[in-house]
Amino acid sequence: MKDIHDIILGPVLTEKSYDQIPMKKYTFKVAPGANKTEIKSAIEEIFGVQVESVNTSNRDGKVKRQGYTRGRTAKVKKAVVTLKESSKAIEFFESMVQ
């Protein structure tokens with residue numbers, strides 16, 4: 001089993017993610033090899049909340065070019081975590097909304 005802190009890499013702080021906080025939906029950047037069950041258990045253990053569902057999305061890196069040389073930026077995997085109605089909110093995000 002992977003370490004839970006290797007699965008959750010950090011929060012995604014965008015306008016869309018801020019708009020979803022009142023609905024108890026939180027967005028995280030996660031490890032590319034992590035699956036939904038690993039993400040769910042990691043979030044529950046780190047923040048002490050109850051997760052209802054996890055939606056993931058993969059984004060390939062953009063093609064960048066400098067002169068003749070071409071390359072790609074890193075791939076990113078994001079997870080949108082929805083908490084149960086009876087669960088408490090994640091305090092880290094709640095302080096940013098106010």
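The values are calculated or read from the model by the stated rules, or taken from the named source; none is laboratory data. Here the structure is a predicted model, which is why all the values come from computation and not from measurement. Glycine also receives a Cβ, built like all others from the backbone with ideal geometry; neighbour counts cover every protein chain displayed. Keep in mind that these areas ignore ligands, DNA and RNA; they rest on the heavy atoms of the full protein, side chains included. Shrake-Rupley method; radii C 1.70, N 1.55, O 1.52, S 1.80 Å.
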Filter pass, Lys2 being out of contact with any Ser or Thr (no Cβ under 7 Å at 6 or more places or on another chain), part of a loop (DSSP other than H, G, I, E, B) and either open to solvent by 80 Å² or more (accessible area, probe 1.4 Å) or over 17 Å from Ile90 (Cα atoms) (or both) = yes
The lone condition Gly61 fails out of (1) of a type outside the set (Asp, Glu); (2) open to solvent by 70 Å² or more (accessible area, probe 1.4 Å); (3) free of Cβ contacts under 8 Å to residues at least 40 places away in the same chain is (2)
Tyr18: passes all of (1) in a helix (DSSP H, G or I); (2) open to solvent by less than 80 Å² (accessible area, probe 1.4 Å); (3) hydroxyl-bearing (Ser, Thr, Tyr) but (2)
